Amino acid sequence: MNGSPPYARPARPRGPLILTVGLLVAGAWLMARQLPAVSSGPPAEPRTVAPRGDLGEGERSTIALYEQASPSVVNITSVAHRRDFFGRNVFEIPQGTGSGFFWDSDGHIVTNYHVVKESDTVHATLADGTVLEVTAAWIAPTWDLAVLRVDVPDQKLKPIPVGTSKDLRVGQRVFAIGNPFGLDQTLTTGIVSALGRTITSIGGRDIEGVIQTDAAINPGNSGGPLLDSSGRLIGVNTAIYSTSGSSAGIGFAVPVDIVNDIVPQLIQHGRVVRPHLGIQMVDDRLARRWGVSGVVVSRAVPGSGAETAGLRGMKRTRDGRLVLGDIIKKVDQYAISSGIDLIEALENFEVGDTVEITFERDRQLHQTKIRLQAPPS
């Protein structure tokens, strides 16, 4: 083998390498000639910081509002549990994130129903980073509201001050605090853009009297508080109008007057308790087939206010003819043409209120008064 290696070493081209090195040396020489010489004067120092003037009154009030309200706001995360194909292992699927806020000193948190919908485990992260597992939840899909409960030390509890929405005015300043895109404790500001809007809830029913605002509301803000300039709760941020899914300057909040009605019922009863007349209704589609406009009483529940007031249900004569029951036309000033109309009219009253019922019997209009009762459990 004459001492030669078992393989031939590839030749290295030398010409291009020499050319490259030469270009680099030339470039460095040119740069050195263009660079200024290092100064031999005094050493460079940081610029003098100009004194800041006093914050404006508006800035101070906004800062104070945020510092007061932010400890009441929490980040909500929810997951669903699923089993693998073989049914042996359970894994978690993130369902979504949103915001919420402490309602009272008993650990109740208010948020949106759609934030916790179809979730098996829900966690609330407090402003200081403490993560708590939700121990109970009650929902009201019709209003896109939910109440959660956590076990939390008293020193970490700060219920949010509650205001009113009935006296809001277009143009007044509002503030939203939430967790858009998972960025916790974010403050945005804007104005009340409009009042009395109607949106469709995730439960399929219309929510009326909704607040429209241009305060930036993005995914993750849902369930967070909308505040007035005094830091009082005036609404629960619930939806945005956007083709991209991000804020387009049109956000909606469920007014606090609705929230302050629904939330105590969820806490006390676990559901929304609405007053009822004590009747069973004929299906609207059947009533329309008969050419009837209004709510046809199928049966007055024994012992109910309707029975006490003398409302009659449907019956058959001896020869088998079906006789219509009373047809409810009005509840106080609210006109009734369907079962939905009746439900929505009764939402304006409380259990124990007395209402005037206008009904049709034998093609004659009559009136009676009925004391509203809670539905049976």
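Yes/no matrix, rows are residues, columns are (1) surrounded by fewer than 16 Cβ atoms within 10 Å (Cβ to Cβ); (2) modelled with pLDDT of 90 or more; (3) within 16 Å of the chain's Cα centre (by Cα):
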| position | (1), (2), (3) |
| --- | --- |
| 54 | yes, no, no |
| 62 | no, yes, no |
| 74 | no, yes, yes |
| 94 | yes, no, no |
| 102 | no, yes, yes |
Please verify whether residue 261 is touching a strand residue (DSSP E or B) at 6+ places or on another chain (Cβ under 9 Å) and over 24 Å from residue 360 (Cβ atoms), treating the condition exactly as stated. no
Any chance the stretch 338-355 includes a residue that's over 31 Å from the mean Cα position of the chain (by Cα) and either assigned to a loop (DSSP other than H, G, I, E, B) or not β-branched (Val, Ile, Thr) (or both)? no
Return the residues of the stretch 193-222 that are crowded, with 18+ Cβ neighbours inside 10 Å and out of contact with any strand residue (DSSP E or B) (no Cβ under 6 Å at 6 or more places or on another chain); say none if nothing qualifies. 218, 219
Strands (runs of 3 or more DSSP E) fully within the stretch 228-331 counting 1 or more residues that are aliphatic (A, V, I, L, M) and more than 30 Å from residue 101 (Cα to Cα): 279-281, 295-300, 327-331
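Residues checked against (1) more than 28 Å from residue 229 (Cβ to Cβ); (2) outside any loop (DSSP other than H, G, I, E, B); (3) at pLDDT below 90:
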site	(1), (2), (3)
118	yes, no, yes
127	no, no, yes
164	no, no, no
177	no, yes, no
187	no, yes, no
192	no, yes, no
196	no, yes, yes
Filter the stretch 286-325 for residues that are of a type in the set (D, E, K, R) and touching a Gly at 6+ places or on another chain (Cβ under 8 Å); the one that is nearest to residue 207 (Cα to Cα) is 299
Hey, can you tell me all the residues within the stretch 332-368 that are buried (at least 18 other Cβ atoms within 10 Å of the Cβ), of a type in the set (A, V, I, L, M), within 23 Å of residue 286 (Cα to Cα) and in contact with a Phe, Trp or Tyr (Cβ under 8 Å, 6 or more places away or on another chain)? 345
Taking the stretch 330-357, which residues are under 20 Å from residue 261 (Cβ atoms) and of a type in the set (Ser, Thr, Tyr)? 334, 354
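The values are calculated or read from the model by the stated rules, or taken from the named source; none is laboratory data. Everything quoted here is computed from the prediction, not taken from an experiment. Neighbour counts run over all protein chains shown; Cβ positions are idealised from the backbone, glycine included.
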